[in-house]
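In what follows, a single structure is set out as structure tokens and then discussed.
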Amino acid sequence: MDALDKNFGKLMQLDPTKDSIENILEFISLFWDFNYGDMNYTLPPSGTTDKEFSVEFHTGGWSENETVIQALRQSWFWKIFWWKSERGGHYWLKVKKIPKGRTSK
């Protein structure tokens with residue numbers, strides 16, 4: 001069993017009300033194969049009022065990246081921030097930083 005299989009459940013449980021966006025994106029990147037696909041984002045500079053940014057996932061048709069997306073689609077992270085998908089393994093999220101201490105209802 002590889003690392004992705006062992007962490008599939010953890011990817012499904014990503015919740016921006018319980019962990020920082022930065023930590024979530026870092027965790028996802030541990031399992032993303034950048035040789036075959038892209039995961040792009042630029043965090044807003046700290047101290048700015050801009051709290052929204054885009055996250056792009058392009059799987060490149062690679063099965064491991066598709067597996068990551070399969071897990072993410074079941075997570076609160078995806079349910080809260082998903083914006084659009086296009087055929088061919090292209091996904092966009094509009095992410096907003098959630099203030100610490102805020103909980104989901």
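The values are calculated or read from the model by the stated rules, or taken from the named source; none is laboratory data. This is a predicted model, so every value here is computed, not measured. Cβ placement follows ideal geometry from the backbone for every residue including glycine, while neighbour counts extend to all protein chains displayed.
Couple of notes before you dig in:
- Selection count, region 32-56, where residues are within 11 Å of the chain's Cα centre (by Cα) and more than 19 Å from residue 84 (Cα to Cα): 1
- Residue pairs whose Cβ atoms lie under 7 Å apart, sitting 6 or more positions apart in sequence or on different chains, and linking a residue in region 79-94 that is in contact (Cβ under 8 Å) with a residue 24 or more places away in the chain and surrounded by fewer than 13 Cβ atoms within 10 Å (Cβ to Cβ) to a partner that is part of a strand (DSSP E or B) and not acidic (Asp, Glu), are 83/92; 83/93; 83/94.
Residue by residue, here is whether (1) among the aromatic types (Phe, Trp, Tyr); (2) within 13 Å of residue 24 (Cβ to Cβ); (3) in contact with a strand residue (DSSP E or B) (Cβ under 8 Å, 6 or more places away or on another chain) holds:
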{"site": "47", "(1), (2), (3)": "no, no, no"}
{"site": "56", "(1), (2), (3)": "no, no, yes"}
{"site": "64", "(1), (2), (3)": "no, no, no"}
{"site": "75", "(1), (2), (3)": "no, yes, no"}
{"site": "83", "(1), (2), (3)": "yes, no, yes"}
{"site": "92", "(1), (2), (3)": "yes, no, yes"}
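- Within region 62-77, residues that are small (Gly, Ala, Ser) have Cβ atoms under 6 Å from residues that are not in a helix (DSSP H, G or I) in these pairs: 75/14, counting only partners at least 6 apart in sequence or on another chain.
- Residue among 101, 61, 88 that alone is closer than 22 Å to residue 5 by Cα and either modelled with pLDDT of 95 or more or of a type in the set (Gly, Ala, Ser) (or both): 61
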